[in-house]
1. Checking D19 against (1) over 18 Å from A2 (Cα atoms); (2) surrounded by fewer than 17 Cβ atoms within 10 Å (Cβ to Cβ); (3) touching a helix residue (DSSP H, G or I) at 6+ places or on another chain (Cβ under 8 Å), which test does it fail?
2. Among (1) under 22 Å from S20 (Cβ atoms); (2) in a loop (DSSP other than H, G, I, E, B), there is one condition R32 misses while meeting the rest; what is its number?
3. Can you tell which of E31, E18, E47 is within 10 Å of the chain's Cα centre (by Cα), farther than 20 Å from Y92 by Cα and at pLDDT 95 or above?
4. Consider segment 72-92. How many of its residues are open to solvent by 90 Å² or more (accessible area, probe 1.4 Å), of a type in the set (S, T, Y) and more than 16 Å from D15 (Cα to Cα)?
5. Take the residues in segment 38-71 that are in contact (Cβ under 8 Å) with a residue 24 or more places away in the chain and loosely packed, with under 12 Cβ neighbours inside 10 Å; name whichever of them is farthest from I84 (Cα to Cα).
6. Scan segment 24-37 for residues that are surrounded by 16 or more Cβ atoms within 10 Å (Cβ to Cβ) and of a type in the set (S, T, N, Q) and report the count.
Amino acid sequence: MAKRNFCMTSGIAKDMGEDSLFAYQVTSAMERFVDNDWGTMCGEDFEMNVNAMLTGGRIMGVYKTKLGKIWIINDDALATEQTITVLYPSEY
């Protein structure tokens, strides 16, 4: 199993520190992401994620929260050490 390093942008971290419900929603989204539940996305993005699970590459999840959508991105699904980032779409 790959080692997973989670990071988040300063905007996500700030809002999690100020809002416990939002923090819970982000944590739940992270749990869903590692269980290969990528949230609400179009069919094309879903297929790209499935392909990345087989051949390597970026996986992205999209989740609704009380403060709007968040993205969770893993830059390489097959890497032995993975960096997974939580961010707002505006922070990409």
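1. Of everything listed in (1) over 18 Å from A2 (Cα atoms); (2) surrounded by fewer than 17 Cβ atoms within 10 Å (Cβ to Cβ); (3) touching a helix residue (DSSP H, G or I) at 6+ places or on another chain (Cβ under 8 Å), D19 misses just condition (3).
2. With respect to (1) under 22 Å from S20 (Cβ atoms); (2) in a loop (DSSP other than H, G, I, E, B), R32 is out only on (2).
3. E31
4. In the first step, residues of segment 72-92 are kept if they are open to solvent by 90 Å² or more (accessible area, probe 1.4 Å); the result is 75, 78, 80-81, 90, 92.
Retained after the next criterion (residues that are of a type in the set (S, T, Y)): 80, 90, 92.
Now drop any that are not more than 16 Å from D15 (Cα to Cα), which leaves 80, 92.
Looking only at that region, the number is 2.
5. Step by step, filter segment 38-71, then rank; the result is K66.
6. Looking only at that region, the number is 1.
The values are calculated or read from the model by the stated rules, or taken from the named source; none is laboratory data. What you see is a predicted model; the values in this text were computed from it and never measured. Here the Cβ is made from the backbone with ideal geometry for all residues, glycine too, and neighbour counts use every protein chain on show. All accessible areas refer to the heavy atoms of the entire protein, side chains included, with ligands and DNA or RNA removed. Shrake-Rupley method; radii C 1.70, N 1.55, O 1.52, S 1.80 Å.
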